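Take a look at the structure below.
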Ligand SMILES: *Cc1c(COP(=O)(O)O)cnc(C)c1O
């Protein structure tokens, strides 16, 4: 049994080795932010960095800053900072584009490294853009290519001599189900397929060991647990053994071996830069770079330990206090197969979440009926979890979610 008393929560907070990290974020007063898995909050230092980039690097130094402020190196420098968080070598990771675009590039590269095989395997219910991008890619590659979606558990049987690549999201965006990266990558490799991992809900939240698992490619998000800000640039990983041979079709000039030679013919860069497309977004990249300072001196194992404890507490409290309202946990209780968020199935979940947000507890809603709560150890404490469930219980008991103003859906949920 997991203790769930307020006193126990306070004792956990008092002994928390990450408690000091909360000051690394500029969080609004009286808000319990349980949505860092969707948009990380503002780390301190980001606003100052952006002000400096605008006022000094852009306004004063103008175009000189590509060299003097190192703008041109931001993609590789930021990639190298993300690398240790995902078990990669610094030169295997680069910041680039959006996760969606990176999915297209790495999957195309994976297919090209596996000629004669024309099938990409993923799972039904994967994050929509992952499936949509693969539908677009297979359509573009020609009539032989197909995307096959198979439920987890059946992937082993689906793999075959025609499988070019397997694309899976390490931590599922709704259920938080977490794959055994090593075991699944081994299966893909035994079948001769390339393994691509989407780390959008993993990077910065759970320890990842891409090198240890021998993964071929990976992509991930900059604005979720990495706190890079709305629309922050994403990242991608290419295993060292593929760096000199991987080719992707969006062969823009920043992927050229000498962009400033201005020659007519494309020759890819010899390193990870061949995965770049065009001019990097300097403002967004600078924000992400400054945001990564929030992880200084903190290892992923410590983050993981607290994330599991916060999730365990939330699950135990929701069983005690929310189950009687029909709320059902769709996230595995076993932390070995659980990421860093928990989803509760709830009738009228959208309205309940709006009522909760109105009370200062911010989570989000994923159609058709899931309320999602993210646990981010750098700025959340145990008492925060206790209070969040207490407020949710009150909303359900008093049915305040029935108020008309909680019923209309915004464009973004
Ligand atoms: C958040 C998320 C994305 C986001 O892709 P964008 O291109 O940034 O919109 C992609 N895949 C997964 C699994 C995600 O969770």
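The values are calculated or read from the model by the stated rules, or taken from the named source; none is laboratory data. Predicted model only: the values in this text are computed from it and were never measured. Here Cβ is always computed from backbone atoms with ideal geometry, including for glycine, and neighbour counts include all displayed protein chains.
For the range 114-134, a residue qualifies if it is more than 24 Å from residue 180 (Cα to Cα) and touching a strand residue (DSSP E or B) at 6+ places or on another chain (Cβ under 6 Å), and exactly one does: 117. For the range 9-26, a residue qualifies if it is farther than 12 Å from residue 381 by Cβ and either under 22 Å from the mean Cα position of the chain (by Cα) or crowded, with 18+ Cβ neighbours inside 10 Å (or both), and the qualifying residues are 24, 25, 26. The sole residue among 287, 309, 291 that is outside any loop (DSSP other than H, G, I, E, B), in contact (Cβ under 8 Å) with a residue 60 or more places away in the chain and within 23 Å of residue 62 (Cα to Cα) is 287. For the range 82-89, does any single residue satisfy the condition of being in contact with a strand residue (DSSP E or B) (Cβ under 6 Å, 6 or more places away or on another chain), under 30 Å from residue 284 (Cα atoms), modelled with pLDDT of 95 or more and surrounded by fewer than 23 Cβ atoms within 10 Å (Cβ to Cβ)? Checked the range 82-89: at least one residue is in contact with a strand residue (DSSP E or B) (Cβ under 6 Å, 6 or more places away or on another chain), under 30 Å from residue 284 (Cα atoms), modelled with pLDDT of 95 or more and surrounded by fewer than 23 Cβ atoms within 10 Å (Cβ to Cβ). If you take the residues of the range 112-135 that are in contact with a helix residue (DSSP H, G or I) (Cβ under 7 Å, 6 or more places away or on another chain) and without any contact (Cβ under 8 Å) to a residue 60 or more places away in the chain, which of them is nearest to residue 203 (Cα to Cα)? Among those that are in contact with a helix residue (DSSP H, G or I) (Cβ under 7 Å, 6 or more places away or on another chain) and without any contact (Cβ under 8 Å) to a residue 60 or more places away in the chain, it is 129. The set of residues from the range 90-100 being buried (at least 18 other Cβ atoms within 10 Å of the Cβ) and either without any contact (Cβ under 8 Å) to a residue 24 or more places away in the chain or closer than 16 Å to residue 272 by Cβ (or both) comprises 92, 93, 94, 95, 96, 97.
Is there a residue in the range 199-208 that is in contact with a helix residue (DSSP H, G or I) (Cβ under 9 Å, 6 or more places away or on another chain), more than 16 Å from the ligand (Cβ to nearest atom) and assigned to a loop (DSSP other than H, G, I, E, B)? For the range 199-208, residues in contact with a helix residue (DSSP H, G or I) (Cβ under 9 Å, 6 or more places away or on another chain), more than 16 Å from the ligand (Cβ to nearest atom) and assigned to a loop (DSSP other than H, G, I, E, B): present. What number goes with the only condition from (1) more than 16 Å from the ligand (Cβ to nearest atom); (2) assigned by TED's automatic domain parsing to the domain that holds residue 160; (3) touching a helix residue (DSSP H, G or I) at 6+ places or on another chain (Cβ under 7 Å) that residue 43 does not pass? If we test residue 43 against (1) more than 16 Å from the ligand (Cβ to nearest atom); (2) assigned by TED's automatic domain parsing to the domain that holds residue 160; (3) touching a helix residue (DSSP H, G or I) at 6+ places or on another chain (Cβ under 7 Å), just (2) comes out false. Please specify each residue of the range 228-237 satisfying the condition of being touching a helix residue (DSSP H, G or I) at 6+ places or on another chain (Cβ under 6 Å) and either within 14 Å of the ligand (Cβ to nearest atom) or without any contact (Cβ under 8 Å) to a residue 24 or more places away in the chain (or both). Residues satisfying the conditions are 228, 229, 232, 233, 234, 235, 236. Of note, residue 10 satisfies the criterion of being away from the ligand (no atom under 16 Å from the Cβ) and in the same structural domain as residue 378 (by TED's automatic domain parsing). Considering the range 209-224, the residues that are surrounded by 24 or more Cβ atoms within 10 Å (Cβ to Cβ) and farther than 25 Å from residue 366 by Cα include one that is farthest from the ligand (Cβ to nearest atom), namely 216. Within the range 35-45, the presence of a residue that is in a helix (DSSP H, G or I) and either over 20 Å from the mean Cα position of the chain (by Cα) or within 21 Å of residue 230 (Cα to Cα) (or both) is excluded. Out of curiosity, is residue 298 touching a strand residue (DSSP E or B) at 6+ places or on another chain (Cβ under 6 Å) and either in contact (Cβ under 8 Å) with a residue 60 or more places away in the chain or outside the structural domain of residue 397 (by TED's automatic domain parsing) (or both)? In short, no. Output yes when any residue across the range 316-334 is assigned to a helix (DSSP H, G or I), crowded, with 21+ Cβ neighbours inside 10 Å and touching a helix residue (DSSP H, G or I) at 6+ places or on another chain (Cβ under 7 Å), and no when none is. Yes, the conditions are met somewhere in the range 316-334.
Just one of 268, 249 is surrounded by fewer than 16 Cβ atoms within 10 Å (Cβ to Cβ) and farther than 19 Å from residue 77 by Cβ; which is it? Answer to the selection: 249. Residues in the range 295-305: is at least one more than 25 Å from the chain's Cα centre (by Cα) and surrounded by 17 or more Cβ atoms within 10 Å (Cβ to Cβ)? Within the range 295-305, none of the residues are more than 25 Å from the chain's Cα centre (by Cα) and surrounded by 17 or more Cβ atoms within 10 Å (Cβ to Cβ). Report the residue count in the range 359-409 for those that are farther than 23 Å from residue 323 by Cβ, part of a helix (DSSP H, G or I) and in contact (Cβ under 8 Å) with a residue 12 or more places away in the chain. Adding up the residues that qualify gives 1.
Screening 315, 391, 395, 362 for residues that are touching a strand residue (DSSP E or B) at 6+ places or on another chain (Cβ under 7 Å) and over 26 Å from residue 169 (Cβ atoms) leaves exactly one candidate, 391. Considering each residue of the range 238-253 in turn, none proves to be within 16 Å of the ligand (Cβ to nearest atom), outside any loop (DSSP other than H, G, I, E, B) and under 19 Å from the mean Cα position of the chain (by Cα).
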